[in-house]
Amino acid sequence: MDTRQTPRALPSRRTSSLATRLFVSATAWVVVILLITGIVLSSVYRAASERAFDRRLNLYLRTIVAEVATPDSTPDQFQSLGEPLFELPLSGWYWQVTRTDGEKPDIKSSRSLWDKKLPKLEEQGNELTAAGIRIGYVDGPEGQTLRMVERPVDLGADGKFLVMVAGDASEIFEETRAFDYYLGGTFAALTIVLVLTTIFQVRFGLAPLKRISDSIADIRSGRAERLEGEFPVEIAPLARETNALIDANREIVERARTHVGNLAHAIKTPLSVIVNEASGRSDPLAAKVLEQADVMRDQVAHHLERARIAARLTIIGTVTEVAPVIEALRRTMEKIHRDRGIVIDVEADASAKFRGERQDFEEMAGNLVDNACKWAEERVFIEVLVERGGGADGGTMLRIIVDDDGRGLSADERAKVSRRGQRLDESKPGSGLGLSIVIDLAALYGGSLTLGTAPIGGLRAELVLPGV
């Protein structure tokens, strides 16, 4: 029974990528920080614009208060205040002086106000500042928003007055809007620069991990045996532990091989004794013992072979060149079957590489080619194909096809011959376990063996194995 666990499905790269997580988190913080900074700067600039505007209004306010406090002053003496907008009707710039100690308020105002009146900040709930003035926004005569300063003046016997000066607040809004526009453009460009910098930092920072990943891929594919090179102090322990794991893996495999060999010798010796003892007798019991001893020998050989193969499969990074092995098999088999004149043709992709040990590949391919030569009339054809992305995980797969021009097999015969120990012709040499061993060995590597009809008339054996 194959006790290997099926690997769990890995999370998608989108959700598990460390680079993506770092990039997204860094970008999010950049955007949040720049957004908060932009809001703060916009508020600071707006406050600065309002203070500058208020200083202008206060200048006009002090001028009007001074004129009001001057005895025998008239509105014509401070009508324009040096600002033509106070003369332009409904210009958005207004002043208004209201005497508040009489039964009927006496109102004097700029020409720009015409017959309109300014609303009082006091009525809107604005409190006096430490300087004795009120500042705020009000709605103007034409519905525009005004920035206004208001100051109550007590001249004693000369009366009490409420002096108000207002200006069009659109200047503040337009300046703030223009600042926000340029600030937004600047921050947008800064965001792009910071995002590109973040991408560079993430790639640069994770480059050692990428190097470890590539090195492990090289180990798995057989191009390297260990992680080599210098790594940052944060990653160096990972590299050391990985190399230690590889060394421990090799030690476990070597111990497993030793135990399998010892077990094989321990079992074969008692079997040989039983066979020798039974061979000296001719009674039915001895015949039965010999028969079952042969079955035991075949079964032991089969399972020991599987155990030996399973131990070798744990070795990391073993790769076998396929074309040289096939060519060596061709020469060997042609010599063995020289008296029958068997011709073996080979078409092998020179780039084909098997992800496994050479001994295992030789055993699988050798069994198939030997079987084909035993049953062929005069010709065997071997083809090796490489299928990129043909594996279940998108990896490379090898397809080794062995055709012969023998009598072939029916569907029932193909099913029967694939079973362990089943033989169709006792005249052919061998234990009958060849194809069964190939099937088991291919399955352990994640491959398969299928039997069919060859185009040249005999049996086709198609072996699929993981490649590099």
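The values are calculated or read from the model by the stated rules, or taken from the named source; none is laboratory data. Computed from a predicted structure; not experimentally measured. We place every Cβ from the backbone using ideal geometry, glycine too, and count neighbours over all the protein chains shown. Just the protein is used for accessible areas: all its heavy atoms, side chains included, with ligands, DNA and RNA removed. Shrake-Rupley method; radii C 1.70, N 1.55, O 1.52, S 1.80 Å.
The number of residues in region 377-407 being at pLDDT below 80 and open to solvent by less than 70 Å² (accessible area, probe 1.4 Å) comes to 5. Residues in region 147-163 that are over 60 Å from the mean Cα position of the chain (by Cα) and either surrounded by 15 or more Cβ atoms within 10 Å (Cβ to Cβ) or in contact (Cβ under 8 Å) with a residue 12 or more places away in the chain (or both): 149, 150, 151, 152, 153, 155, 158, 159, 160, 161, 162, 163.
Within region 97-114, the set of residues being at pLDDT 85 or above and among the hydrophobic types (A, V, I, L, M, F, W, C) comprises 97, 113. Return yes or no: is residue 292 of a type in the set (S, T, N, Q) and modelled with pLDDT of 80 or more? For residue 292, the condition - of a type in the set (S, T, N, Q) and modelled with pLDDT of 80 or more - is met. Scanning region 338-350 for residues that are outside any strand (DSSP E or B) and either open to solvent by less than 50 Å² (accessible area, probe 1.4 Å) or under 11 Å from residue 324 (Cα atoms) (or both) yields a count of 4.
The residue of region 351-362 that is farthest from residue 435 (Cα to Cα), among those that are assigned to a loop (DSSP other than H, G, I, E, B) and in contact with a Gly (Cβ under 7 Å, 6 or more places away or on another chain), is 352. For the criterion of being assigned to a helix (DSSP H, G or I) and touching a residue at least 60 places away in the same chain (Cβ under 8 Å), residue 30 passes.
When you look at residue 238, is it assigned to a helix (DSSP H, G or I), out of contact with any Gly (no Cβ under 9 Å at 6 or more places or on another chain) and open to solvent by less than 70 Å² (accessible area, probe 1.4 Å), yes or no? It is false that residue 238 is assigned to a helix (DSSP H, G or I), out of contact with any Gly (no Cβ under 9 Å at 6 or more places or on another chain) and open to solvent by less than 70 Å² (accessible area, probe 1.4 Å). I'm checking my understanding of the structure. Among residues of region 192-218 that are among the polar types (S, T, N, Q) and surrounded by fewer than 16 Cβ atoms within 10 Å (Cβ to Cβ), which one is nearest to residue 136 (Cα to Cα)? Going through the qualifying residues, I end up with 197. Of all residues in region 324-335, those satisfying the criterion of being of a type outside the set (Lys, Arg) and surrounded by 13 or more Cβ atoms within 10 Å (Cβ to Cβ) are 325, 326, 327, 328, 329, 332, 333, 334. Screening residue 181 with (1) open to solvent by 50 Å² or more (accessible area, probe 1.4 Å); (2) over 30 Å from residue 145 (Cβ atoms) gives one miss only, at (2).
Taking the stated definitions as given, is residue 41 under 19 Å from residue 172 (Cβ atoms), open to solvent by 50 Å² or more (accessible area, probe 1.4 Å) and at pLDDT 75 or above? Considered against the rule, which asks whether it is under 19 Å from residue 172 (Cβ atoms), open to solvent by 50 Å² or more (accessible area, probe 1.4 Å) and at pLDDT 75 or above, residue 41 comes out as yes. Listed by position, the strands (runs of 3 or more DSSP E) inside region 87-146 whose residues that are open to solvent by less than 60 Å² (accessible area, probe 1.4 Å) and closer than 17 Å to residue 51 by Cα number at least 3 are 134-139.
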